[in-house]
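Note sheet for the following structure.
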Amino acid sequence: VQVVESGGGLGQPGGSLKLACVASGSIVRIKSMGWYRRAPGKPRQYVATVSDMSEDSYINYRDSVKGRFTLSRDVANNTMYLQMVNLQFEDTAIYYCKVDVIPSSGPHLEVWGEGTQVTVTF
């Protein structure tokens with residue numbers, strides 16, 4: 001099972017970026033997906049998580065991104081997105097995707113992507 005993020009880059013304050021995360025491999029079922037980030041000199045923190053891939057599942061956002069970030073998913077393609085608007089300097093970080101899956105090969109797996117850099121700057 002592999003997880004790959006994309007869509008990072010430079011964004012201006014007040015601007016927007018959209019990240020994508022694709023899970024691939026021998027996946028029987030995705031149990032949960034989430035976005036996390038690590039800013040320079042700080043521990044990794046959750047950004048937004050969803051308990052499963054159904055359309056009505058609850059999405060949990062950290063307070064500092066509520067109203068600005070939106071997590072969405074494409075169930076058929078095991079893909080998750082993070083639409084970020086009204087970017088702030090404090091959003092600068094490496095953004096990671098984490099996926100909890102049931103693989104065809106055995107028990108539950110927690111898989112992290114390598115991350116994608118988001119830098120908010122003028």
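Taking segment 61-83 as the range and being part of a loop (DSSP other than H, G, I, E, B) and open to solvent by 40 Å² or more (accessible area, probe 1.4 Å) as the test, the residues that pass are ARG62, LYS66, GLY67, ASN78. Here segment 21-40 is the region considered, the condition is being more than 13 Å from the chain's Cα centre (by Cα) and open to solvent by 90 Å² or more (accessible area, probe 1.4 Å), and the residue that is nearest to GLN88 (Cα to Cα) is PRO40.
Only one of the listed residues (VAL65, VAL28, VAL85) is in contact (Cβ under 8 Å) with a residue 40 or more places away in the chain and more than 27 Å from ILE102 (Cα to Cα). That residue is VAL85. Can you find a residue that is at pLDDT below 90, open to solvent by 30 Å² or more (accessible area, probe 1.4 Å) and over 14 Å from the mean Cα position of the chain (by Cα) anywhere in segment 84-101? No, because not a single residue in segment 84-101 is at pLDDT below 90, open to solvent by 30 Å² or more (accessible area, probe 1.4 Å) and over 14 Å from the mean Cα position of the chain (by Cα).
A single entry from SER51, SER32, SER104 fulfils the requirement of being at pLDDT below 95, touching a Ser or Thr at 6+ places or on another chain (Cβ under 8 Å) and over 17 Å from GLN2 (Cα atoms): SER51. Condition test on LYS18, is it surrounded by fewer than 18 Cβ atoms within 10 Å (Cβ to Cβ), touching a Gly at 6+ places or on another chain (Cβ under 7 Å), at pLDDT 95 or above and among the basic types (Lys, Arg)? Answer is yes for this residue.
The values are calculated or read from the model by the stated rules, or taken from the named source; none is laboratory data. What you see is a predicted model; the values in this text were computed from it and never measured. Quick reminder, even Gly has a Cβ in these numbers, built from the backbone with ideal geometry, and neighbours come from all protein chains shown. All accessible areas refer to the heavy atoms of the entire protein, side chains included, with ligands and DNA or RNA removed. Shrake-Rupley method; radii C 1.70, N 1.55, O 1.52, S 1.80 Å.
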